[in-house]
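These notes concern the structure reproduced below.
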Amino acid sequence: MSRSYPNTRLRRTRSFGWSRAMVRETVLTPADLIWPLFVTEGNGVEDPVASLPGVSRWSVDGIAARAKEAVKLGIPCIALFPNTRDGLRSDDGAEALNPDNLMCRAIKAVKDVCGDSIGVLTDVALDPYTTHGQDGLVDAAGYVANDDTVAVLVDQAINQAEAGADIIAPSDMMDGRVRAIRMALEMGGYHNIQIMAYAAKYASAFYGPFRDAVRSGDRLVGDKKTYQMDPANADEALAEVALDIAEGADSVMVKPGLAYLDIIWRVKQQFHVPVYAYQVSGEYALIEAGAEAGAGDRDALLMEKLIAFKRAGCSGVLTYHAPVAARLLNG
């Protein structure tokens with residue numbers, strides 16, 4: 001098809017707001033958002049995270065209130081991350097298996113007040129529970145042991161399922177953990193619990209504020225490059241996604257988001273499964289810092305980036321800006 005000026009004036013459909021709305025190719029709604037929330041001990045606690053302006057750690061009662069807020073805003077799912085107190089952290093992360101730990105209490109509180117009106121996504125990894133800050137069990141040589149870690153992650157996932165989790169999200173990047181968790185869920189009768197696999201999780205510099213929020217950064221021994229992906233690799237991400245889908249993942253995640261839009265696009269084009277992006281803490285913090293410095297309008301910056309994720313092929317986005325974005329979208 002050949003098009004030429006002046007028969008074709010591409011500005012015609014941009015002339016008015018109603019016309020731009022009619023031809024808009026990508027649409028973002030509150031239903032595309034997942035709201036990550038940090039859980040901490042206490043009652044009536046709102047503990048601001050210094051490196052994440054506008055984000056706080058909430059006690060369990062506060063998490064339940066945030067869940068009710070999410071329902072009112074049309075946000076369909078929240079994601080929970082615990083800030084485990086020091087006395088409960090150990091080399092083996094045993095607190096992850098406690099049926100009365102922060103995560104499980106928060107799940108139950110949300111379900112008590114919201115029922116099935118909102119989904120609860122739970123993180124499966126040991127870094128919020130270990131003294132060394134690694135996502136798994138560390139052997140004598142300092143290496144994160146894959147198969148021994150997977151065995152613990154399975155028990156952690158079942159613990160969360162018993163508490164009422166709707167989506168299990170293994171973020172550890174151990175080989176084979178999706179299959180092991182799926183088999184355990186099936187054997188336990190949890191046939192309808194979804195797995196959203198952190199399939200392409202990169203060893204990124206953008207995770208710093210998150211580690212502050214769960215207080216794992218200061219205690220991290222070494223780095224996570226032996227299990228999180230090299231930012232230089234793309235084909236490897238497709239191999240990771242293929243394995244996780246084959247092992248029983250219902251959806252997959254690319255993390256971080258904005259620096260990996262090419263990965264999101266390639267995953268969606270090749271696999272045609274629900275793909276999610278995690279707009280991670282560093283990305284959030286950069287928007288807030290940029291707006292504070294006068295680099296741009298905060299609301300416009302965050303909405304443009306969220307649209308970019310949808311345009312690249314995302315079914316949804318995990319973002320700390322979820323309640324702000326939902327209010328903007330709701331007018």
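The values are calculated or read from the model by the stated rules, or taken from the named source; none is laboratory data. Please read all numbers here as calculations on a predicted model, not as lab measurements. Quick reminder, even Gly has a Cβ in these numbers, built from the backbone with ideal geometry, and neighbours come from all protein chains shown.
Given the options Asp139, Asp172, name the one that is buried (at least 24 other Cβ atoms within 10 Å of the Cβ), among the charged types (D, E, K, R) and more than 14 Å from Gln194 (Cα to Cα).
Asp172
To keep it simple, each residue is scored yes or no on (1) among the small types (Gly, Ala, Ser); (2) closer than 21 Å to Ile167 by Cα; (3) in contact with a helix residue (DSSP H, G or I) (Cβ under 6 Å, 6 or more places away or on another chain).
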residue	(1), (2), (3)
Trp35	no, yes, yes
Val39	no, yes, yes
Ala67	yes, yes, yes
Ile75	no, yes, yes
Arg85	no, no, no
Ala106	yes, yes, yes
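Looking at Glu95, is it closer than 30 Å to Thr149 by Cα, not β-branched (Val, Ile, Thr) and not in a loop (DSSP other than H, G, I, E, B)?
Yes, satisfied.
Going by the structure shown, is Arg57 among the basic types (Lys, Arg) and within 29 Å of Ala293 (Cα to Cα)?
Spelling it out, Arg57 is indeed among the basic types (Lys, Arg) and within 29 Å of Ala293 (Cα to Cα).
Scanning for something in contact with a strand residue (DSSP E or B) (Cβ under 9 Å, 6 or more places away or on another chain) and among the charged types (D, E, K, R), does segment 132-143 turn up at least one residue?
Yes - at least one qualifying residue is present in segment 132-143.
Take Asn83 and decide whether it is touching a residue at least 12 places away in the same chain (Cβ under 8 Å) and either under 22 Å from Ala285 (Cα atoms) or among the charged types (D, E, K, R) (or both).
yes
If you go through segment 67-76 one residue at a time, how many are buried (at least 22 other Cβ atoms within 10 Å of the Cβ) and not in a loop (DSSP other than H, G, I, E, B)?
Number satisfying all stated conditions: 2.
Determine whether segment 183-202 contains at least one residue that is under 26 Å from Ser281 (Cα atoms), assigned to a loop (DSSP other than H, G, I, E, B), out of contact with any Phe, Trp or Tyr (no Cβ under 6 Å at 6 or more places or on another chain) and not β-branched (Val, Ile, Thr).
The answer is no, given that none of the residues of segment 183-202 is under 26 Å from Ser281 (Cα atoms), assigned to a loop (DSSP other than H, G, I, E, B), out of contact with any Phe, Trp or Tyr (no Cβ under 6 Å at 6 or more places or on another chain) and not β-branched (Val, Ile, Thr).
Of all residues in segment 6-31, which are touching a residue at least 24 places away in the same chain (Cβ under 8 Å), aliphatic (A, V, I, L, M) and outside any loop (DSSP other than H, G, I, E, B)?
Of everything in segment 6-31, just one residue is touching a residue at least 24 places away in the same chain (Cβ under 8 Å), aliphatic (A, V, I, L, M) and outside any loop (DSSP other than H, G, I, E, B), namely Ala31.
Yes or no: segment 302-314 includes at least one residue that is more than 15 Å from the chain's Cα centre (by Cα), of a type in the set (Asp, Glu), at pLDDT 95 or above and more than 26 Å from Met174 (Cβ to Cβ).
Among the residues of segment 302-314, at least one is more than 15 Å from the chain's Cα centre (by Cα), of a type in the set (Asp, Glu), at pLDDT 95 or above and more than 26 Å from Met174 (Cβ to Cβ), which makes the answer yes.
Identify the single condition in (1) closer than 24 Å to Val221 by Cα; (2) in contact (Cβ under 8 Å) with a residue 40 or more places away in the chain; (3) of a type outside the set (Val, Ile, Thr) that Asp112 does not satisfy, given that it satisfies every other one.
(1)
I want to confirm something. Restricting to segment 1-27 and keeping residues that are closer than 26 Å to Cys314 by Cα and hydrophobic (A, V, I, L, M, F, W, C), which single residue is farthest from the chain's Cα centre (by Cα)?
Result: Trp18.
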